[in-house]
Amino acid sequence: MQFNEMGLDPRILKGIQEMGFEQPSPIQEQFIPLFLKKPTDIVGLAQTGTGKTAAFGLPILQMIDPKNRVPQALIISPTRELCVQISREISDYAKYLPDISIVPIYGGADIGAQVTALRRGVHIIAATPGRLHDMIRKNKVDLSQVTILVLDEADEMLNMGFQEDVDAILEKTPKTKNTLLFSATMPKEIAAIAKNYMTDPIEIAVGKKGSGAENVEHIYHMVHAKDRYSALKRVLDFVPEVYGIVFCRTRMETNEVASQLIQDGYSAEALHGDLSQAQRDYVMEKFRTKGVQMLIATDVAARGLDVNDLTHIVNYNLPDDIENYTHRSGRTGRAGKSGISISIIHMKEHGRIRMIEKGIGKKFLRMPVPTGKVICEKQLMYLIDKLQSVTINEDEIAPFLPSVYEKLESLSKEDLIKHVVSLEFNRFLEYYGNTADLNAPDTHDSRGREGREGTERRKISSEGMTSIRLNVGLSQGLIPKDIITFVIDATGRRNVEIGKIDLFKSHAVVEVESAYGTTLLKNSRGMNFRGSFFDAEVNNSGRETGSRGGDRGGDRGGRFERGFRKPEGDRDGFKRRDRKKRF
């Protein structure tokens, strides 16, 4: 089915045709005619980059009454970037519907200006949950006449802690409205929203639930943890025209990686939650216009980014869960184009690759980190291709050629080629001349069977981690950062591997690299946290879950950062007094 067969207003068709819309995507082809024919509640399961904004945006534009200048459609999304992007896209679709007003409402911007825009009259609101809830509490927005509510990337909204905000907003909208829920996954919280706030919703699924994009190739490089940054540089050098996003785990790591890349001469910028809105807008505009090749970002900061033609996604660290990996990799390979998702892992993360494979239904290809020789050859051929394809402006350069010929007359054709190549190429030859092979051996199949039997039955994970139980938890104010600091101080190692962290009301469980488990237990004696002395022991009962004993500490409890190395510079909160250790 084509767009002109869906029953869309000719003015909308004209607008999207000028934007280059030709063939509807699967989600658009299923959603638009269904909703236009009979508005109803719909759950759309589709990955990022599948054309969801047009799927709900075009019908919304058609169903708005321009004469009634009150909010008739409300679109809620998890991040300000996505909020602004949705507002911009729908405005573009409405190019020939000049009477329709769209206002983005999001944090980090002047709330006074947003309130003023609402007072002038608006038909469509695109909002983030936090700012909209704030406006509701202050009686600055009236949602009593909303007829269409859209929850975009609903799973991410809940993952980011917006459950209460979303519930409060939905309570202020009419029960007779149509609710459209879009999500890449269908966790129980999303199912609960569908049950509580939707009426007999129709489900539209594009592709396998939770699966990755079909045209994305998944690759991993296995290195020693200390060589992760060197491997990243080789990945970028191997693709001279790379245009993509490098995902890091923390804001600090994002800054460190971006700063180091810039210092090493790469075209990169950092995007994370510490940037002001003006800084974020500047970075994103620079990236969208290809003023910078690589965006170094955290998962949260990159939510909702919609940038076309990305060639690569690089996972500098694997994400916390499979859904995050799906979101990351789905930012490339859009609009029918191919893309590559590369993960740089260390030797103890091989099992997590297998888990992601199972979750997305696709196999990863293990590839060696490019050697210096291979990179030099690739860069040389890239330079030659540029020389061959360069556009020559005869009229502009003609006046300068006699002087150039005179300068170069002493060089033969062969010498001239050598000089040109060396001018651009020497830095790679110098850097990669005698560099080592970064590839780590794949030892996952030969791992021993320690811990399978025995009276002590220590809890050792398949990734070579020992599970440690601590006798303090949420009720004492313990947070994951405190546990990481404790592990580093007790082991005396800043590069110790820290795995899963589970926080409970009265205790916590953390996985620590098995080689340092005994050291941690020995040195933790005498440490205390806010007056409570530590009692650390091997967790013989295995990994605990929130369903056992009801010990979870509410919505803020549960599992936190998993399987990542502790970044440098986060050691605050530790003090030493006499011979006692303070945690």
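The values are calculated or read from the model by the stated rules, or taken from the named source; none is laboratory data. In this text the structure is predicted, and so the values were computed from the model without any measurement. Glycine gets a Cβ as well: all are built from the backbone with ideal geometry, and neighbour counts include every protein chain shown.
Listed values, structure above:
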{"quantity": "In segment 68-82, the residues that are of a type outside the set (Lys, Arg) and at pLDDT 90 or above", "calculated": "ASN68, VAL70, PRO71, GLN72, ALA73, LEU74, ILE75, ILE76, SER77"}
{"quantity": "Out of LEU503, LEU520, LEU470, sole residue that is modelled with pLDDT of 70 or more, outside the structural domain of THR298 (by TED's automatic domain parsing) and touching a His at 6+ places or on another chain (Cβ under 9 Å)", "calculated": "LEU470"}
{"quantity": "Subset of segment 358-381 (residues that are more than 20 Å from ALA440 (Cα to Cα), surrounded by 15 or more Cβ atoms within 10 Å (Cβ to Cβ) and of a type outside the set (Gly, Ala, Ser))", "calculated": "ILE360, LYS362, CYS376, LYS378, GLN379, LEU380"}
{"quantity": "Enumerated strands (runs of 3 or more DSSP E) restricted to segment 24-124, each holding at least 3 residues that are charged (D, E, K, R) and touching a residue at least 60 places away in the same chain (Cβ under 8 Å)", "calculated": "none"}
{"quantity": "Residue count, segment 1-25 (criterion: touching a Gly at 6+ places or on another chain (Cβ under 8 Å) and of a type outside the set (Ser, Thr, Tyr))", "calculated": "1"}
{"quantity": "Search result, residues across segment 264-284 that are over 18 Å from the mean Cα position of the chain (by Cα) and either surrounded by 18 or more Cβ atoms within 10 Å (Cβ to Cβ) or at pLDDT 90 or above (or both)", "calculated": "TYR266, SER267"}
{"quantity": "Selection count, segment 498-535, where residues are part of a loop (DSSP other than H, G, I, E, B), without any contact (Cβ under 8 Å) to a residue 60 or more places away in the chain and on the phi < 0 side of the Ramachandran plot", "calculated": "6"}
{"quantity": "Count of residues meeting criterion [surrounded by fewer than 23 Cβ atoms within 10 Å (Cβ to Cβ) and either β-branched (Val, Ile, Thr) or not assigned by TED's automatic domain parsing to the domain that holds ILE16 (or both)] in segment 61-78", "calculated": "2"}
{"quantity": "Evaluation of ILE384 against (1) farther than 20 Å from ALA231 by Cβ; (2) surrounded by 20 or more Cβ atoms within 10 Å (Cβ to Cβ); (3) β-branched (Val, Ile, Thr) (one fails), failing number", "calculated": "(2)"}
{"quantity": "Counted residues, segment 155-169 - those being polar (S, T, N, Q) and buried (at least 20 other Cβ atoms within 10 Å of the Cβ)", "calculated": "1"}
{"quantity": "ILE148 surrounded by fewer than 23 Cβ atoms within 10 Å (Cβ to Cβ), among the aliphatic types (A, V, I, L, M) and over 24 Å from LEU45 (Cα atoms)", "calculated": "no"}
{"quantity": "Neighbours by Cβ (under 7 Å, 6+ apart or cross-chain): first from segment 403-431, assigned to a helix (DSSP H, G or I); second modelled with pLDDT under 85 and β-branched (Val, Ile, Thr)", "calculated": "PHE428/ILE375"}
{"quantity": "Qualifying residue in segment 222-233 (condition: assigned to a helix (DSSP H, G or I), among the aromatic types (Phe, Trp, Tyr) and modelled with pLDDT of 90 or more)", "calculated": "yes"}
{"quantity": "Matching option when the condition is crowded, with 17+ Cβ neighbours inside 10 Å and modelled with pLDDT under 90, among LEU13, LEU58, LEU45", "calculated": "LEU45"}
{"quantity": "Given (1) closer than 30 Å to THR311 by Cβ; (2) buried (at least 20 other Cβ atoms within 10 Å of the Cβ), number of the condition ILE105 does not satisfy", "calculated": "(1)"}
{"quantity": "Whichever residue in segment 285-297 is touching a strand residue (DSSP E or B) at 6+ places or on another chain (Cβ under 8 Å) and closer than 16 Å to THR332 by Cα and, among such residues, is surrounded by the fewest Cβ atoms within 10 Å (Cβ to Cβ)", "calculated": "GLN293"}
{"quantity": "Output for segment 485-518, where each listed residue is among the polar types (S, T, N, Q) and under 19 Å from ASN471 (Cβ atoms)", "calculated": "THR485, THR491, SER506, THR518"}
{"quantity": "Among the residues listed as HIS346, HIS327, the single one being out of contact with any Phe, Trp or Tyr (no Cβ under 7 Å at 6 or more places or on another chain) and crowded, with 22+ Cβ neighbours inside 10 Å", "calculated": "HIS327"}
{"quantity": "All positions within segment 360-385 that are without any contact (Cβ under 8 Å) to a residue 40 or more places away in the chain and farther than 24 Å from LEU232 by Cα", "calculated": "ILE384, ASP385"}
{"quantity": "Failed item, numbered, when ILE219 is tested on (1) in contact with a helix residue (DSSP H, G or I) (Cβ under 9 Å, 6 or more places away or on another chain); (2) assigned to a strand (DSSP E or B)", "calculated": "(1)"}
{"quantity": "Scope segment 254-263; condition surrounded by 21 or more Cβ atoms within 10 Å (Cβ to Cβ) and either under 15 Å from the mean Cα position of the chain (by Cα) or in contact (Cβ under 8 Å) with a residue 60 or more places away in the chain (or both); matching residues", "calculated": "THR254"}
{"quantity": "Residue in segment 234-249 that is more than 24 Å from the chain's Cα centre (by Cα) and either under 29 Å from GLU497 (Cα atoms) or assigned to a loop (DSSP other than H, G, I, E, B) (or both) present", "calculated": "no"}
{"quantity": "Selection from segment 299-324 of residues that are at pLDDT 70 or above, of a type in the set (Asp, Glu) and more than 19 Å from LYS362 (Cα to Cα)", "calculated": "ASP299, ASP309"}
{"quantity": "Counted residues, segment 126-153 - those being among the aliphatic types (A, V, I, L, M) and either outside the structural domain of THR199 (by TED's automatic domain parsing) or within 19 Å of PRO39 (Cβ to Cβ) (or both)", "calculated": "6"}
{"quantity": "Test for TYR243: is it surrounded by 16 or more Cβ atoms within 10 Å (Cβ to Cβ), assigned by TED's automatic domain parsing to the domain that holds ASP321 and out of contact with any helix residue (DSSP H, G or I) (no Cβ under 8 Å at 6 or more places or on another chain)", "calculated": "yes"}
